[in-house]
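J.: Can you keep this structure in mind? I'll have questions shortly.
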């Protein structure tokens with residue numbers, strides 16, 4: 001392998017000597033070792049942290065980067081090393097140094113809100129930095145105007161908590177006690193913050209030792225040549241297997257966040273124009289993602305900051321969507337995402353002042369409404385290019401929880417990330433109750449009931465939540481908890497008006513909904529963005545998460561699959577007829593349920609022609625779009 005030219009970053013040049021061509025067998029060993037180290041770091045954090053959000057919900061990520069700051073692993077989302085290297089010259093770093101930051105406006109997009117505390121540890125071999133191990137986790141509280149540091153009505157990032165640019169948390173192994181004291185003093189939950197931060201630091205230091213052993217065993221030049229080979233292989237594979245599936249041309253699509261916590265609900269637009277260039281293009285074969293047409297920055301906290309130069313974070317964030325173009329689901333699972341994806345994607349950002357280019361100090365704590373919606377926008381615009389050979393829309397992410405005083409009068413905060421359904425695919429139904437962030441999960445009932453003053457009454461699939469289609473969308477959760485003491489409910493959630501869209505004739509899934517005291521005298525629907533909804537002891541909170549969109553005409557779904565869904569309580573008896581046109585026979589009670597084939601055929605033939613729109617956004621869209629059932633970009 002030839003020597004690479006120095007890579008230029010905003011803070012200057014980093015140069016390295018490169019070895020000879022890498023041994024392909026050793027490349028596999030090194031790639032497996034990187035994945036193992038990353039997994040070991042995440043396992044250590046999960047086992048040694050204290051807060052439910054990190055220890056049980058697994059809302060944290062690790063990543064490994066080389067000396068040139070390139071991401072080497074694709075097992076999980078991770079932040080960037082660029083902010084640290086910009087402020088601290090790599091040549092001056094020392095063994096035992098640990099760097100810290102959570103400043104979203106200094107993160108190059110890698111940190112989205114202030115509770116995500118990021119730790120970076122350099123790896124040394126032969127007396128110099130050769131790589132970095134990094135982790136960030138969603139901590140319980142970092143200050144700000146509300147418990148949990150995610151105020152839904154924030155109009156400034158200063159309301160969201162303590163903001164720390166890159167600093168040295170440990171200098172050659174010596175802790176920066178002043179910085180640690182400032183952070184814990186600003187937290188409502190200093191013990192869990194301190195413990196979780198210790199878990200991140202110790203896990204990254206352990207990972208740095210493991211990675212250093214790899215360099216010491218094989219030599220710096222050899223390992224760096226393997227890094228080159230790993231990245232080059234990703235570039236080659238995606239160009240050959242993924243880009244080749246997108247025809248040369250240009251397509252535009254958009255989707256929306258529905259509210260920002262401050263203004264009344266409206267359409268906050270996120271738009272992508274995708275252009276697939278030809279192999280003989282002067283700038284090379286690639287896809288161009290132009291975000292022109294994205295709406296203005298919101299007053300409330302749904303803005304995504306920091307990734308406005310080259311989009312190096314967003315490229316790797318969005319790339320997993322492209323894996324759906326692989327030749328088979330099995331091949332899709334084999335494709336990794338690392339720095340090798342970066343040369344294949346060009347990003348063009350709008351001027352400052354949009355949802356993707358907010359001007360400091362715009363609030364950002366609910367930026368998931370935008371950055372996770374972009375995954376769906378990319379899926380939608382690619383679907384237009386490839387005649388729907390992409391999944392329908394899936395759930396994004398939501399935080400729901402309760403807080404107050406426990407049965408012994410001590411303050412508590414319980415939050416969890418409840419998943420929802422993924423979109424139907426051209427070959428299969430969507431998955432039920434998945435979490436969009438890899439390896440995250442809901443909190444175990446046994447743990448929450450033992451620690452917090454509520455009882456979990458039920459946890460089940462939300463029947464009829466999956467969008468109808470030839471391939472049905474996955475189902476969301478239905479969870480009911482009964483409060484044992486007065487408290488407050490909080491929610492940072494989306495898709496309560498605008499449902500997960502269906503594609504190619506598939507229909508939208510059911511939206512997110514929270515009802516307190518359902519069926520009782522104080523029954524009320526709670527806004528998806530809520531900071532402090534009072535809940536009395538004895539009242540039940542019912543949470544229903546979003547279902548994924550459907551793929552294909554539901555009248556084309558195999559009637560036997562509909563019968564099976566009814567038996568499994570995924571589709572109701574009524575929806576079998578209304579959504580799928582299946583005339584059922586027999587009974588659920590005596591296991592005789594079936595369908596009348598002739599009556600089903602007549603019922604389906606009597607239905608009107610489907611909409612001309614390629615996408616179905618559900619009934620909530622019209623309420624925010626002046627009565628329109630679909631947008632102009634929904635047509636092919």
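J.: Assuming R0 = 60 Å, what is the FRET efficiency of residue 597 and residue 486, from their Cβ-Cβ distance, to the nearest 0.05?
T.: Computed FRET efficiency for residue 597 and residue 486 comes out at 0.60.
J.: OK, next. For the chain, what is the calculated [θ] at 222 nm in deg cm²/dmol (nearest 500), taking -39500 (n - 2.57) for each run of four or more DSSP H residues and dividing by its residue count?
T.: -8000 deg cm²/dmol
J.: Throw me the Rg/Rh for the chain, computed over C-alpha atoms with Kirkwood Rh, two decimals.
T.: Expressed as Rg/Rh, it is 0.97.
J.: Can you give the FRET efficiency to the nearest 0.05 for residue 459 and residue 527, using r as the Cβ-Cβ distance and R₀ = 22 Å?
T.: Computed FRET efficiency for residue 459 and residue 527 comes out at 0.45.
J.: Just to be sure I understand the model, the point goes 7 Å from the Cα along the line to the Cβ. What's the resulting residue 23 to residue 333 distance in nm?
T.: For residue 23 paired with residue 333, the spin-label model returns 3.1 nm.
J.: Would you calculate the separation in nanometres between label points at residue 91 and residue 612, each defined as 7 Å from the Cα along the Cα-to-beta-carbon direction?
T.: 6.5
J.: log10 I(q)/I(0), Debye, Cα-only segment 555-601, no solvent, q = 0.16, 0.18 Å⁻¹?
T.: Scattering profile of segment 555-601, log10 relative to I(0): -0.34, -0.43.
J.: What is the Cα radius of gyration of segment 182-283 over 2.2 N^0.38 Å, N being its residue count?
T.: Compared with the compact-globule rule of thumb, segment 182-283 sits at 1.86.
J.: Be a star and scan segment 603-636 for residues whose amide nitrogen sits under 18 Å from the point 7 Å along the Cα-to-Cβ vector of residue 574.
T.: 619-620
J.: Just subtract the alpha-carbon distance of residue 198 and residue 410 from 0.36 nm times their residue separation and send over the number in nm, one decimal.
T.: Here the answer is 73.9 nm.
J.: Which three lengths, in whole Å and largest first, does segment 224-313 cover when its Cα atoms are put on their principal axes?
T.: Computed over segment 224-313, the largest-to-smallest principal extents equal 51, 34, 21 Å.
J.: Which of 200, 539, 408 comes first, and how do the rest follow, when ranked by fewest Cβ neighbours within 10 Å?
T.: By the 10 Å Cβ count, ascending: 408, 539, 200.
J.: With the crude spin-label approximation of a point 7 Å out along Cα→Cβ, what separation in nm comes out for residue 236 versus residue 449?
T.: 5.6
J.: Note the direction-averaged projected area, equal to a quarter of the hull surface, for the Cα convex hull of segment 432-530, in nm².
T.: Orientation-averaged projected area of the Cα hull: 7.8 nm².
J.: Calculate the radius of gyration of the Cα atoms of segment 7-233 to one decimal place, then report Dmax, the largest Cα-Cα distance, as a whole number, both in Å.
T.: For segment 7-233, the Cα radius of gyration and maximum Cα-Cα distance read 17.5, 56 Å.
J.: Still on this model: Can you tell me the 0 to 90 degree angle between the C-alpha axis of helix 190-218 and the longest principal axis of the chain, rounded to 10?
T.: Tilt of helix 190-218: around 60 degrees.
J.: Can I ask one more? Using only the alpha-carbon atoms, how far is helix 368-385 inclined from the longest principal axis of the chain? Give it as 0 to 90 degrees, nearest 10.
T.: Between helix and principal axis, roughly 70 degrees.
J.: In segment 505-636, what is the volume of the convex hull around the alpha carbon atoms, normalised per residue and reported in Å³?
T.: In segment 505-636, the Cα convex hull volume per residue is 162 Å³.
FYI, it's all coordinate maths here, none of it is from the lab. Keep in mind that what you see is a predicted model, and the values were worked out from it rather than measured. Every residue, glycine among them, receives a Cβ derived from its backbone with ideal geometry; neighbour counts consider all protein chains shown.
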